[in-house]
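The values are calculated or read from the model by the stated rules, or taken from the named source; none is laboratory data. Please read these numbers as outputs of a predicted model, since none were measured by experiment. Positions of Cβ are backbone-derived with ideal geometry, glycine not excepted, and every protein chain shown enters the neighbour counts. Protein only, heavy atoms only, side chains kept; ligands, DNA and RNA dropped before computing areas. Shrake-Rupley method; radii C 1.70, N 1.55, O 1.52, S 1.80 Å.
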Amino acid sequence: MHHWRRDVVELAALFTAVAVADAVANLIGHGPDGPALLVISAIVLAATAGFHVWWSRRHGHAPPVSDTGARTAAAARPAGPSGQPAADEVAGVLWRMRTTVKDEPGSLAALCTALAERRVDILSLQTHPLADGTVDEFLLRAPGTLAAAEITRAVALAGGTATWIERADAHDLVDAPTRVLGLAARTALDTAELPLALRQLLGRCTIRTLPGAPAGGGRGPEPVPAGGVLEDTVMRLPAPEGGVLTVERPHLPFTPTEFARARALVELDTRLGPRIPRGHDVLTLPEGDHITVRRVDTGDLAAARAMHDRCSPHTLGLRYHGPVGDADRYLNHLLSPRFGRTLAAQTASGRIVGLGHLLWDGDETEVALLVEDAWQQRGVGGELLGRLVALAAEAGCESVYAVTKASNTGMVAAMRGLGLPLDYQVEEGTLVITARLDPTPTATAPGPRPPRLG
């Protein structure tokens, strides 16, 4: 729009200059020195026009780079190996950072200014008020060339203390209320989700449940108040099934806000009581027999006991690594959905012929199998184990382990049939096999089947 206005002004100035020149020529041309004055005027006008053209080309409408200190977009980004901008610089690197600042005006502004000076973008911010300050939790996107140490140094200079930082991923882009609501929905659908929901809510932590009445007898843990107890890096809450639920995170103290969220999830689980999603798969074994695989809980205790009665002492000894008489005492714990997930293989008549357990063991995950003697070597254990491992992968577990006797060739074969990287440890006849849940399946065997049982 501004271009045609400038052209009109310049055209008007040109006509005005011609008119003035004609008047001057008529006035001077009739004098004795008229021709000489006209030649001198033409030379001056030509020199002025040339100087104007040179000045316009040298100084455009935008200020020069040297005046602003700015760099072009290409010069502002470091180049990758092929000369293109580095991928981390273009997309940025995500960081989760937590730091403590004084609870006074301007403290947060100073922190944000220090980050902005280093081209760090604040994607989200949560504040956790404390008695003597405020813990600010950030999700940051920083240039790929900016190291974590440089970020924490800038935060320290801006007044932040006890700073903790780690790499984040796209899952952290979900805002806190949405994430908490999603975890509450998962917990409401399945009792076994509570430990996983707490782990996703609080990050890397160890969760243990101490029953009020231990299975082996003896005195249970000291009870905790109804509202729970928060002690720096440890929180204790009343367990939904009785006893005490302990959450530990040594590398980072819990805030009162995190404690309140964890307590709300545990209270939700307690109010809803034991529950599992219903569903089943009908499978055809290699020999042509049909079995059904489904989730079970303590409501199936009688059928599980009946299967134990049909198992030989040798089979029970391989499963429980100890006196066979102790097996029945732990069944109620093993079937409880509060401690993990249990799958059962049953015949068309409803008789359980195999049990597979996925047990939350602190920050680790254990798998265990028991198959009735008459149904061994028919693929039942492999079907159960594949689904248990798939459930563990879906829950975000990095590995699962199985504890058995070195002579239990059936369990060893089932673990090898997963097609996952395995680690073996043998101590005094006890074999511990750990499977790493690599998302990339091996070329020699298919990975675990995806779960369809909720």
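Brief remarks on what is shown
- Among the residues making up segment 141-177, those that are in contact with a Gly (Cβ under 9 Å, 6 or more places away or on another chain) and farther than 20 Å from VAL101 by Cβ are ARG141, PRO143, GLY144, VAL174.
- Within segment 129-153, tally of residues that are more than 15 Å from ALA168 (Cα to Cα) and without any contact (Cβ under 8 Å) to a residue 12 or more places away in the chain: 3
- GLN376 meets each of the listed conditions (1) surrounded by fewer than 14 Cβ atoms within 10 Å (Cβ to Cβ); (2) more than 23 Å from THR209 (Cβ to Cβ) apart from (1).
- Which numbered condition PRO211 misses (of (1) under 26 Å from the mean Cα position of the chain (by Cα); (2) of a type outside the set (Ser, Thr, Tyr); (3) open to solvent by less than 60 Å² (accessible area, probe 1.4 Å)): (1)
- Any chance GLY410 is more than 22 Å from ALA192 (Cβ to Cβ), in a helix (DSSP H, G or I) and among the small types (Gly, Ala, Ser): yes
- If the condition is being over 19 Å from the mean Cα position of the chain (by Cα) and of a type in the set (Ser, Thr, Tyr), then segment 109-150 contributes THR113, THR127, THR134, THR145.
- Complete set of residues in segment 420-436 that are under 30 Å from LEU201 (Cβ atoms) and open to solvent by 60 Å² or more (accessible area, probe 1.4 Å): ASP423, ARG436
- Pairs are defined by a Cβ separation below 6 Å, a sequence spacing of at least 6 or placement on different chains, a first member in segment 104-123 that is on the phi > 0 side of the Ramachandran plot, and a second member that is open to solvent by less than 70 Å² (accessible area, probe 1.4 Å); the pairs so defined are ARG119/PRO143.
- Only one of PRO256, PRO250 that is touching a strand residue (DSSP E or B) at 6+ places or on another chain (Cβ under 8 Å) and within 24 Å of ASP172 (Cα to Cα): PRO256
- Going through (1) of a type in the set (D, E, K, R); (2) within 23 Å of the chain's Cα centre (by Cα); (3) farther than 27 Å from THR134 by Cα one by one, ARG271 falls short only on (2).
- Taken across segment 249-258, residues that are within 20 Å of LEU358 (Cα to Cα) and open to solvent by 30 Å² or more (accessible area, probe 1.4 Å) do not occur at all.
- Positions within segment 283-292 being open to solvent by less than 10 Å² (accessible area, probe 1.4 Å) and in a loop (DSSP other than H, G, I, E, B), in sequence order: LEU285
- On inspection, GLU427 qualifies as more than 26 Å from the chain's Cα centre (by Cα) and charged (D, E, K, R).
Residues checked against (1) part of a strand (DSSP E or B); (2) among the hydrophobic types (A, V, I, L, M, F, W, C); (3) free of Cβ contacts under 8 Å to residues at least 60 places away in the same chain; (4) under 23 Å from LEU210 (Cβ atoms):
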position: VAL247; (1), (2), (3), (4): yes, yes, yes, yes
position: PHE259; (1), (2), (3), (4): no, yes, yes, yes
position: THR270; (1), (2), (3), (4): no, no, yes, yes
position: ARG275; (1), (2), (3), (4): no, no, no, yes
position: ASP281; (1), (2), (3), (4): yes, no, no, no
position: ALA304; (1), (2), (3), (4): no, yes, yes, no
position: MET307; (1), (2), (3), (4): no, yes, no, no
position: GLY350; (1), (2), (3), (4): no, no, yes, no
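- Members of segment 403-419 found to be surrounded by fewer than 20 Cβ atoms within 10 Å (Cβ to Cβ) and of a type in the set (A, V, I, L, M, F, W, C), listed by number: VAL403, ALA406, VAL412, ALA413
- The residues on offer are ARG295, ARG387, and the sole one that is surrounded by 20 or more Cβ atoms within 10 Å (Cβ to Cβ) and more than 18 Å from PRO195 (Cβ to Cβ) is ARG387.
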